[in-house]
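Note sheet for the following structure.
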Amino acid sequence: MNREELINSKEYWTTKIQLDLFKAISHYMKKNNLNRTQLAKKLNVTKGYVSQVLNGDFDHKVSKLVELSLACGLTPRIQFEKIEDYVKNDGFVMEKETKFSEVETLVIPLYPQSDKKTTIIKESVAKSEHKQKYTHYSTYLISGTNNKNKTAICN
Amino acid sequence: MSKFVLHKIESIKGIQEFSQLEINGEKQLDKFEIELKDTTYVSEFKQLLVYMEYLANNNPLPKTKFRELKGNKDKVKEYEFKSKHLRLYAIAQHGGKIVVLGGFKKDQSKDIDRFRAIKKQYLASL
């Protein structure tokens, strides 16, 4: 299977979102020293529900995704990007390690924004493994004033 | 004596390099994918690729999706990527991982034996 075929599959994006949510919730639990039972109580959901999220099997309503994110102090943002642009840029934004201790946003990259509030950030990312420089553009909807924190997810 | 060659898994982009083992001309991940063609498991196979990519970018994975195998008798770590019905067995390589074998959950026990036998041969060939 080539990369383009994989990126064009629903499994690729569904699984990535599930894993991003798992990562965000895991980080929140660790940061707040919570076990699954305590987290379930805090979120007012069942322990089984928390387990689904932490097993990377979350496949519920969008409203639940939003609820979970907000409960963890994260704002979920959905972005849409043209597949050809993603392939061209090699999906580099998503694949950088996210550090939730430094960010307040759970970015789910799916689309390019044309909103006035949108800021286009140009980044040069050194890919040390190949000792080669890649330049890519990532588009975020940034409604706040503290852009440094909002874009830290790229770092 | 089997002949081994490593091939980068092109569908995965990440900081860590993920390779697949070719044994006597057969690339093991590609072979497994062909085996799954036109079955309901193709979807799970794609999930496994995403798990590998997520890990390749130094992100954590749920324990239900990825684990280090127990019972390893040498210093080269062994890993298992897991979907509902499928398994991928891998070993550590410098700066990444090598996928050695793919199989079904129902065959896990004998596949792990086979995986370890291949691993032993491969390491001996280096």
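Each value in this text was obtained by applying a stated rule to the coordinates, not by laboratory testing. Just so it is clear, the structure is predicted and the values come from calculations on it, not from any experiment. Quick reminder, even Gly has a Cβ in these numbers, built from the backbone with ideal geometry, and neighbours come from all protein chains shown.
The spacing between the stretch B:1-34 and the stretch B:45-116, judged by their C-alpha centroids, is 13 Å. Per-residue packing, averaged as other Cβ atoms within 10 Å, sorts the ranges B:115-125, B:33-43, A:16-26 into the order A:16-26, B:115-125, B:33-43, beginning with the highest.
For the set B:LYS3/B:LYS97; B:LYS46/B:LYS75; A:LYS88/B:LYS8; B:LYS70/B:LYS97, the pairs lying more than 24 angstrom apart at their alpha carbons are B:LYS46/B:LYS75. For the pairs A:LYS47/B:LYS119; B:LYS27/B:LYS77; A:LYS47/B:LYS13; A:LYS30/B:LYS65, flag any whose C-alpha to C-alpha distance is greater than 31 Å. Correct reply: A:LYS47/B:LYS119; A:LYS47/B:LYS13. With the convex hull constructed from alpha-carbon coordinates only, chain B shows a mean projected area of 7.4 nm² over all directions.
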